[in-house]
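The values are calculated or read from the model by the stated rules, or taken from the named source; none is laboratory data. Remember, predicted model here, so these are calculated numbers, not experimental data. Please note: Cβ atoms are built from the backbone with ideal geometry, for glycine as well, and neighbour counts cover all protein chains shown. Just the protein is used for accessible areas: all its heavy atoms, side chains included, with ligands, DNA and RNA removed. Shrake-Rupley method; radii C 1.70, N 1.55, O 1.52, S 1.80 Å.
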Amino acid sequence: NFQVAGARIDFFKNQQENQQTDAYYAATDDLERIITQIKLAQENLKTAEKLRYSNVVPDEFADLDTEIKNHHRELFDYLDTLLKNYQIAKDITLALGPALYFPTLTTKNLWEKQDKAQIASYYQQKLDSTDSALIKLSRISLSPQFENYYKYQIAYLVLLASLANDLINTLSIQDETQQDTATQLEKAYSRMTTAEDQNRDLVQKIFSERS
């Protein structure tokens with residue numbers, strides 16, 4: 001189960017960055033713990049197989065021995081598939097990193113001070129993180145189970161990168177001097193809220209795929 005318990009769009013948007021970071025590391029720790037448990041189960045199964053082969057099976061138990069052998073093979077195949085899927089989940093999570101694990105486009109307090117430089121710096125950091133994440137995600141070999149999740153994550157990153165570029169450029173322009181003309185900060189905020197409307201559906205899909 002890859003679900004983040006109680007995930008809600010507004011909840012995560014309103015969390016402080018350090019709280020989101022803590023949740024990200026909790027998720028990666030959970031994935032690593034599960035991967036370790038699967039590997040341990042595989043080793044225990046291999047040990048059981050070695051013990052079985054080390055003993056001579058009487059003829060009257062040959063059919064039972066074949067059933068056990070087939071069961072072990074099926075179980076090992078299941079564990080192998082499970083391990084690959086959890087490894088993919090971990091790889092995607094690590095590629096996103098703490099800055100992008102929660103698919104939000106802003107934070108609760110970012111716009112309150114109306115500090116253009118601070119806002120531009122925030123989106124520059126997001127843009128850098130997005131570029132890095134896209135490169136890492138492109139190197140992951142997917143199983144069919146993760147195709148939709150991967151597609152939605154890519155769509156979110158593309159949206160964020162496009163928004164970040166737009167806002168950085170918008171905020172770099174001087175305000176117009178005419179009266180009743182929107183400031184560059186107001187234009188940037190309007191574009192961010194429009195992008196949030198587009199992102200809302202992606203967030204739902206991403207969390208649905210993690211469940």
How many residues of the range 34-61 are within 13 Å of LEU75 (Cα to Cα), open to solvent by 80 Å² or more (accessible area, probe 1.4 Å) and either modelled with pLDDT of 95 or more or among the small types (Gly, Ala, Ser) (or both)? The answer is 1
(Q) I'd like to check something: does the range 171-179 contain any residue that is open to solvent by less than 40 Å² (accessible area, probe 1.4 Å) and closer than 15 Å to LYS90 by Cα? (A) no
Taking the range 125-138 and keeping only residues that are in contact (Cβ under 8 Å) with a residue 12 or more places away in the chain and not aliphatic (A, V, I, L, M), one is left with GLN125, LYS126, SER129, THR130, ASP131, SER132, LYS136
Log entry, pairs with first residue in the range 80-101 being among the basic types (Lys, Arg), second being open to solvent by 30 Å² or more (accessible area, probe 1.4 Å), beta carbons closer than 7 Å, six or more apart or on different chains, reads LYS90/GLU32
Matching residues in the range 107-124 (open to solvent by less than 20 Å² (accessible area, probe 1.4 Å) and without any contact (Cβ under 8 Å) to a residue 60 or more places away in the chain) number 2
Residues of the range 134-171 being under 15 Å from the mean Cα position of the chain (by Cα), over 17 Å from VAL203 (Cα atoms) and among the aliphatic types (A, V, I, L, M), in sequence order, are LEU134, ILE135, LEU137, ILE140, LEU142
The condition of being farther than 19 Å from SER208 by Cα and out of contact with any strand residue (DSSP E or B) (no Cβ under 9 Å at 6 or more places or on another chain) holds, among LYS151, LYS126, LYS90, only for LYS126
Filtering the range 95-106 down to residues that are buried (at least 17 other Cβ atoms within 10 Å of the Cβ) and part of a helix (DSSP H, G or I) yields ALA95, LEU96, PRO98, ALA99, LEU100
| said: Yes or no: the range 182-203 includes at least one residue that is open to solvent by 50 Å² or more (accessible area, probe 1.4 Å), out of contact with any Gly (no Cβ under 6 Å at 6 or more places or on another chain), outside any helix (DSSP H, G or I) and of a type outside the set (Gly, Ala, Ser). | reply: no
Going through (1) modelled with pLDDT of 70 or more; (2) open to solvent by 70 Å² or more (accessible area, probe 1.4 Å); (3) in contact with a helix residue (DSSP H, G or I) (Cβ under 9 Å, 6 or more places away or on another chain); (4) not hydroxyl-bearing (Ser, Thr, Tyr) one by one, GLU67 fails only at (3)
When restricted to ALA155, ALA161, the only residue of a type in the set (Gly, Ala, Ser) and open to solvent by less than 30 Å² (accessible area, probe 1.4 Å) is ALA161
Checked the range 107-131 for anything hydrophobic (A, V, I, L, M, F, W, C) and in a loop (DSSP other than H, G, I, E, B); matches are LEU110, TRP111
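Output yes when any residue across the range 132-143 is open to solvent by less than 70 Å² (accessible area, probe 1.4 Å), hydrophobic (A, V, I, L, M, F, W, C), at pLDDT 95 or above and part of a loop (DSSP other than H, G, I, E, B), and no when none is. So that I can check it myself, show each step before the final result.
Residues of the range 132-143 open to solvent by less than 70 Å² (accessible area, probe 1.4 Å): 132-134, 137, 140, 142-143.
From what's left, hydrophobic (A, V, I, L, M, F, W, C): 133-134, 137, 140, 142.
When the remaining residues are screened for being at pLDDT 95 or above, the result is 133-134, 137, 140.
Add one more test, that the residue is part of a loop (DSSP other than H, G, I, E, B), and what stays is 140.
Yes, the range 132-143 contains at least one residue that is open to solvent by less than 70 Å² (accessible area, probe 1.4 Å), hydrophobic (A, V, I, L, M, F, W, C), at pLDDT 95 or above and part of a loop (DSSP other than H, G, I, E, B).
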